[in-house]
Amino acid sequence: MKRISKFTMIILVVGLLWAAGALAQTTLPSANAGFDITGFIQEASLFAGPTTRAGSITVNGIKMIVPQNSIVQMPAAAFSWPDLFNPAVSAPVGTYSPARPVQPAGRMGLAQNDPVANFFPSYEVRAVGNIITNETTGTQQYIVAMILPAAQQGLNGQSGYINYIDYTGAVLGMPGRFRVGGTIGNSATGTLCELNDPMGRFGAAHSPDQRFQCDWNNPTITTATGYPCGIPTVAPTATPIPPGEVGDPDRPYFNRPPNGGAFGTDPFLAIGAPLKFFTMPASAGADTTQPDPYKQVPLMVGDWIDFSGTLLKINPAGPNTAANMFVSVHSLTAHLGIKTTPKTNPAYIRVEELLFGVGNAGNNGPTVQGIAQETSTRAVLVAFCTDDQNIPSGTKAPYPVGIYGVYNPPGGPESLVEFPNGGGANNTVAGSPNSNPDELQMDDPVRGRIRLQLNKNENPPKGSKVFVSNAAGPGNFYREYIVKLNEVAGTPPGRQVQLPPQANGLAGLIAGQYRLPIFDYIFGEGTNFGEPWPPFNFQDFGFLINGEGNIGPLNPFPAFQ
């Protein structure tokens, strides 16, 4: 997922807080303010108490309180604060040689003051919260509302061709390791990579640190169109691959039909090479067609990929050299245009970007604590789908996609809350109550791309319903969202289809939807330079102030009123 730079905000926050410290007792009506800090984890602690206990984190010399019941968003997974200190959670999966280090007891193992021999290199975190000032003593506390995300380096990414795959581990030390960006066929060149996949969703099961795993419930290893893919666990028997060859039953080689055959000819490929774009046939069920839209497609040498991951040492006690390092990949997008037959199941979708302006519906219109502010209810979605509905080239039209908040009330079951302007059941045909062809669109020149852009900067009155409002429960925002395909005329009765179990016993993915957390919220900013920086409206986040499922509310809560 893409992230928005917060550098301008951070600089303003630091400047205004310095001013607050110098003048709070004489000129400022309040020293409460929002903060958004990104930097290396210098120190991290876990306080004694219940399993959801709080702790602290220090970034750039600022010690922040991490409240009880905090959920920390990692690049492709989420954990409680105590989970990050639990050696069992970070324990390696698979046989590594040399063995991976054990996380020190009571330590996160990711902070700069942790033993440097255990993890490499530094890890960063983005913490968002409010500075709360005690009106009597003037003491300030930085109280974190959300950590999103904690990663080794949020913008660490790479692109290139897969030049080598080690199917058995005999060459690169681990089954499923691969090289990117080197000489095709040369196992000693390119970046050494492996999928961080402890469940074996996308290939061989292994993980050097499960906290940085891929999302095995939701494909973060995918093609550009959203079709799930992975590293085969069985090598092909020949080149070119014989017609109908299975190899890995979960990502069979026949799911990459040969160039020049029944599924098309690509002038950029040699005849007989595996196709990089084609449309899967309509299928009555798994194992009824070749290619099979119910199975993943295999990644192969020569595929161009974009990936992000964690840089680790092969030998944890070895030197800090390129030859002693590999990337543990948690997110990968292959430049493959795999489509599915329009209006058939299964179909796949992935989300590249999703952000919301949080408005200030819980406050008093355009001001908070007497500070004038500009808020936004802007929403942006960029998604890709294997089913492009055969919309004519150059046209824009409503598309049967819905955006839903995952409402998970304390002690209750999950439910989905559809956004009023976000497509879904009320936005699938022209003339329906919420259809708006200028909001949710399938568009060219990129086939299969879906975009929603609501460019609204406004100050809604207190209690008003903005784009992301929650009609079913307290709070206006959710921790997770689902973007899913909905029914249209001529389609099967529902687009969410669970795929059959994989050969390793893992339950199949649910096609037709993509579930993700929000990494980017747009908070209010002061409109008059020189006035205090306004605090953030976390009281509008139901999952923070009320809790969700079996997780209670944040304590202490980063409230300002």
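Please give the contour-minus-distance gain from Glu43 to Phe268: 0.36 nm per residue of separation, less the Cα-Cα distance, rounded to one decimal in nm. Please report the intermediate quantities before stating the final value.
On the way: separation 225, 0.36 × 225 = 81.00 nm, distance 5.15 nm.
75.9 nm is the gain from fully extending Glu43 to Phe268.
Which ³J(HN,Hα) values in Hz, rounded to whole numbers, follow from the phi angles of the stretch 250-255 under the Karplus curve 6.51 cos²θ - 1.76 cosθ + 1.60, where θ = phi - 60° and Gly and Pro get x?
So the Karplus estimates, Gly and Pro as x, are 8, 9, x, 5, 5, 7 Hz.
Kindly rank 291-297, 32-38 from highest to lowest mean number of other beta carbons found within 10 Å of each residue. Please report the intermediate quantities before stating the final value.
Values: 291-297: 23.9, 32-38: 21.7.
Averaged packing, sorted descending, gives the order 291-297, 32-38.
Rounded to whole Hz and in sequence order, give me ³J(HN,Hα) for the stretch 198-205 from the Karplus expression 6.51 cos²θ - 1.76 cosθ + 1.60, θ = phi - 60°, writing x for Gly and Pro.
x, 9, x, 5, 10, x, 5, 7
Which of the GluC sites (Glu not before Pro) found in the stretch 98-199 are in a DSSP loop and have at most 15 neighbouring Cβ atoms, other than their own, within 10 Å? Numbers along the way, then the final one.
Working: sites: Glu124, Glu135, Glu194; in loops: Glu135.
Qualifying residues, ordered by number: Glu135.
Given points 7 Å out from each Cα along the Cα-Cβ axis, report the Gln153 to Ala105 separation in nanometres with one decimal.
For Gln153 paired with Ala105, the spin-label model returns 3.4 nm.
Full extension from Ile62 to Ala507: what is 0.36 nm times the residue separation minus their Cα-Cα distance, to one decimal in nm? Write out the running numbers ahead of the final one.
Values: separation 445, 0.36 × 445 = 160.20 nm, distance 4.36 nm.
Between Ile62 and Ala507, full extension yields an extra 155.8 nm.
So if R0 is 22 Å, what FRET efficiency would Ala238 and Asn186 give, r being the distance between their Cβ atoms, rounded to the nearest 0.05? Show your work: numbers first, answer last.
On the way: r = 20 Å, r/R0 = 0.91.
The value I calculate is 0.65.
Based on the Cβ-Cβ distance from Glu531 to Asn86, what FRET efficiency comes out when R0 is 56 Å, to the nearest 0.05?
Working: r = 44 Å, r/R0 = 0.78.
Between Glu531 and Asn86 the formula returns 0.80.
Would any residue of the stretch 238-270 have its amide N under 17 Å from a label point 7 Å out along Cα→Cβ of Thr168? List them or say none.
Those under the cut-off are 238-239, 247-248.
In nm, to one decimal, how far is the Ser122 label point from the Gln389 one, both placed 7 Å along Cα→Cβ?
The two pseudo-label positions are separated by 4.8 nm.
Starting with the highest mean, order 67-77, 90-100, 258-268 by the number of other Cβ atoms within 10 Å, averaged over the residues of each peptide.
Values: 67-77: 22.4, 90-100: 15.8, 258-268: 13.5.
Going from most to least packed, we get 67-77, 90-100, 258-268.
Label points 7 Å out from Cα along the Cβ direction at Asn546 and Trp304: separation in nm?
Using points 7 Å along Cα→Cβ, the separation is 4.7 nm.
Ordered by residue, what ³J(HN,Hα) values in Hz, to whole numbers, does the stretch 290-302 give under the Karplus form 6.51 cos²θ - 1.76 cosθ + 1.60, where θ = phi - 60° and Gly and Pro are x?
For the stretch 290-302, the Karplus curve yields 10, x, 10, x, 8, 10, 5, 9, x, 6, 9, 4, x Hz.
Express in % the proportion of alpha carbon pairs of the stretch 156-339 at distances exceeding 31 Å. Please report the intermediate quantities before stating the final value.
On the way: 2308 of 16836 pairs.
Roughly 14 percent, rounded to a whole number.
Taking amide hydrogens as modeled 1.01 Å from N in the peptide plane, which residues meet the under 5 Å criterion relative to Asp387, leaving out close sequence neighbours?
Thr340, Tyr348
Mind ranking 548-554, 330-336 by how tightly packed they are, going by the mean number of other C-beta atoms within 10 angstrom, highest first? Don't jump to the answer; show the numbers that get you there.
Details: 548-554: 18.0, 330-336: 21.7.
Per-residue Cβ counts within 10 Å, averaged per peptide and sorted highest first, yield 330-336, 548-554.
Only residues of the stretch 161-198 count here: report those whose backbone N is under 11 Å from the spot 7 Å along Cα→Cβ of Asn315, or say none.
It comes to no residues whatsoever.
Could you please report the charge total around Val234, scoring K, R as +1 and D, E as -1 over all other residues with beta-carbon less than 11 angstrom from its beta-carbon? If you can, show how the numbers build up before the last one.
Working: positive: Arg251; negative: Glu245, Asp248, Asp250.
It works out to a net charge of -2.
For Ala284 and Ala372, compute 0.36 nm times the residue count separating them, minus their Cα-Cα distance, and round to one decimal in nm.
25.8 nm
Every read-out reported here was derived from the displayed coordinates using simple, explicitly stated rules and does not represent laboratory data. Quick caveat: nothing in here was measured; it's all calculated off a predicted structure. Glycine also receives a Cβ, built like all others from the backbone with ideal geometry; neighbour counts cover every protein chain displayed.
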